[in-house]
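The values are calculated or read from the model by the stated rules, or taken from the named source; none is laboratory data. What you are looking at is a predicted structure, and each value in this text was computed from that prediction instead of being measured. Cβ: placed from backbone, ideal geometry, glycine included. Neighbour counts: every protein chain shown.
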Amino acid sequence: MQHAILVSEQEWHQLLADVQALKAATPAPPPPAPDRILKVREAAAYLCLTPEGLRKARRQGRVAGVRINEKEWGFRQSELVRYLRRYRRLPQDAEAPSPSLAPAA
């Protein structure tokens, strides 16, 4: 069962004005930072995998890739962090390793 509240037209317009004032006073949240796209070798080093192992994981659907051009694939850093948490059991509150600190492939 739904309930209805009857308000006068003047009170309704006042409520609408209050809501619009609140919307105008609340700043919009900043857009999320752009996600870095790593090439296959960089992403493989980030995950401590071989490039072929990463390609195999992409083909099996365990990690989502981004097509850079006809031959090359890239991987979003957020997707690699998700992969680490899912398949390597990285704790939810732990930070993933920095790509600059990952060993070279």
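Remarks
- Filter pass, R36 being among the basic types (K, R) and over 12 Å from L80 (Cβ atoms): no
- Top-ranked residue of region 47-68 - restricted to ones that are closer than 17 Å to R88 by Cα and assigned to a loop (DSSP other than H, G, I, E, B), ranked as farthest from the chain's Cα centre (by Cα): T50
- For region 19-45, the candidate set comprises residues that are hydrophobic (A, V, I, L, M, F, W, C) and surrounded by fewer than 13 Cβ atoms within 10 Å (Cβ to Cβ); within that set, the residue that is nearest to R76 (Cα to Cα) is A33.
For every residue, the table says whether it meets (1) in a loop (DSSP other than H, G, I, E, B); (2) in contact with a Gly (Cβ under 7 Å, 6 or more places away or on another chain); (3) at pLDDT 90 or above.
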site	(1), (2), (3)
L22	no, no, yes
A33	yes, no, no
A45	no, no, yes
E70	yes, no, yes
Q92	yes, no, no
P97	yes, no, no
A104	yes, no, no
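- Listed by first and then second residue, the pairs with beta-carbon distance under 6 Å, at least 6 apart or on different chains, first residue in region 15-40 and touching a residue at least 24 places away in the same chain (Cβ under 8 Å), second of a type in the set (S, T, N, Q), are D35/Q77; D35/S78; R36/Q77.
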